[in-house]
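Working notes, beginning with the structure itself.
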Amino acid sequence: MRGFKLLDKKQNKSLGFEAERYLLDDYGSEHIHLKNDSKELVFMVMFRTIPENSTGVAHILEHTTLCGSEKFKVRDPFFMMLRRSLNTYMNAFTAPDMTAYPFATKNKKDFYNLLEVYLDATFFPLLDELDFLQEGWRYDLEESGTEPKFLYQGVVFNEMKGAMSSPNSQLWQHLHSSLFPDTNYRFNSGGDPVEIPNLTYAQLKSFHQKHYSPANAVFLTFGDIRMP
C-alpha cells in the first residue's frame with residue numbers, strides 16, 4: 001500500500017498475534033497492526049494531547065469532536081451508528097497525556113463504515129460553538145429562587161464536578177500535582193471545575209488544530225485485516 005513502510009515485526013505466540021509496526025511516509029505517523037485470525041476487528045486512533053492547564057480542553061474537545069463532522073453533519077453521528085452498526089465496542093476517552101477513539105466489530109463492512117465515521121470525526125469535526133457551550137461550559141440562568149442567579153452548566157463541567165467531589169479523586173489529583181510539580185502531569189486533564197470556565201471556544205479550536213493531525217497520531221488495528 002502506497003505510503004506504508006514496514007519498520008519491524010515481532011511474533012507473540014503466547015498472546016497469539018504478530019505485531020507489525022508501520023510508518024506512514026506522507027505524515028510521519030505510526031501504525032501498529034496486531035495481526036491474527038480473530039474475527040473481532042479493532043481500530044483506534046490516538047493523539048498526544050499534553051495539557052498545559054486544568055481547563056480540561058482535551059476532554060471537552062473529545063466530546064465536541066463527536067458532535068458531527070464535515071461528511072457526517074448530524075448532531076451525534078456516534079449515537080446514530082450505535083443504532084445502525086454491528087459494533088461490539090465504541091468509545092472515546094481522555095487520559096493524562098493522550099486522547100483515544102477505539103471501536104470494534106466482527107463485520108468487515110461495518111468495520112470500514114465505522115472507520116470512515118471515526119476518521120472524519122477526528123480529523124474534520126465541525127466544532128460548532130453551540131456544541132462547545134453544550135459539551136464544555138456555559139452560563140445558565142436559574143429563576144427558581146427569589147432572585148435569579150447565574151450558574152455554570154455543561155456536560156463536561158457537570159461530569160467533572162461530580163468526579164472531583166469524590167475524596168479519592170481529590171487525593172489522586174493532589175498526589176499527581178505534588179509528585180510531578182514541574183511536568184504537565186500536575187494538571188487535571190479531565191478538567192478542574194474551578195478552571196474549566198477559563199477555556200474559550202477559540203482555545204478549543206486552536207488545540208484541535210495543534211494536536212489532531214496525522215503527524216501527532218498513532219493508529220492501531222487488530223484482527224484479520226490485510227495490511228500491505
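To the nearest 10, the accessible area of Leu171 is 100 Å² with a 1.4 Å probe. The 1.4 Å probe gives accessible areas that order Glu142, Glu147, largest first, as Glu147, Glu142.
Taking every protein chain into account, the 1.4 Å probe leaves His208 with about 20 Å² of accessible area, to the nearest ten. Close Lys pairs in segment 1-140 (alpha-carbon distance under 18 Å; sequence gap of 8 or more, or different chains): 10.
Cross-link partners of Lys161 among lysines, defined as those whose alpha carbon lies under 21 angstrom from its own and excluding same-chain residues fewer than eight positions apart: Lys149. Among Phe47, Phe93, the sequence by solvent-accessible area, most first, with a 1.4 Å probe is Phe93, Phe47. Let me know the shape class of segment 5-62, please: from the alpha-carbon gyration tensor, a ≥ b ≥ c as square roots of the eigenvalues, rounded when a/c is under 1.5, otherwise prolate if a/b is greater than b/c, or oblate. Since a/c reaches 1.5 and a/b is larger than b/c, the shape of segment 5-62 is classed as prolate. Scoring 117-126, 104-113 by mean Cβ neighbours within 10 Å over their residues and listing the highest first yields 117-126, 104-113. If you sort Arg186, Arg226 by accessible surface, 1.4 Å probe, largest first, the order is Arg226, Arg186. Using heavy atoms of the protein chains and a probe of 1.4 Å, the accessible area assigned to Leu175 is about 80 Å². Loop-located GluC sites (Glu not before Pro) in segment 1-81 (DSSP state other than H, G, I, E, B) with a sparse environment of at most 14 neighbouring Cβ atoms within 10 Å: Glu40, Glu52, Glu70.
Among Arg84, Arg138, Arg21, the residue with the largest mean-square fluctuation in a Gaussian network model of the chain, with springs joining Cα atoms closer than 10 Å, is Arg84. The GNM of the chain, with springs linking C-alpha atoms under 10 angstrom apart, assigns the highest mean-square fluctuation among Ala92, Ala58, Ala202 to Ala202.
Alpha carbon centre of segment 163-228 versus segment 73-100: separation in Å? Going from one Cα centre to the other spans 17 Å. Computed over neighbours whose Cβ is under 15 Å from that of Tyr89, the net charge equals 0, Lys and Arg +1, Asp and Glu -1.
The values are calculated or read from the model by the stated rules, or taken from the named source; none is laboratory data. Note that the coordinates shown come from a computational prediction; the quantities given were computed from them, not determined experimentally. Using ideal geometry, Cβ is built from the backbone for each residue, glycine included, and neighbour counts are taken over all protein chains shown. Please note that ligands, DNA and RNA were not included when accessible areas were found on the heavy atoms of the full protein model with its side chains. Shrake-Rupley method; radii C 1.70, N 1.55, O 1.52, S 1.80 Å.
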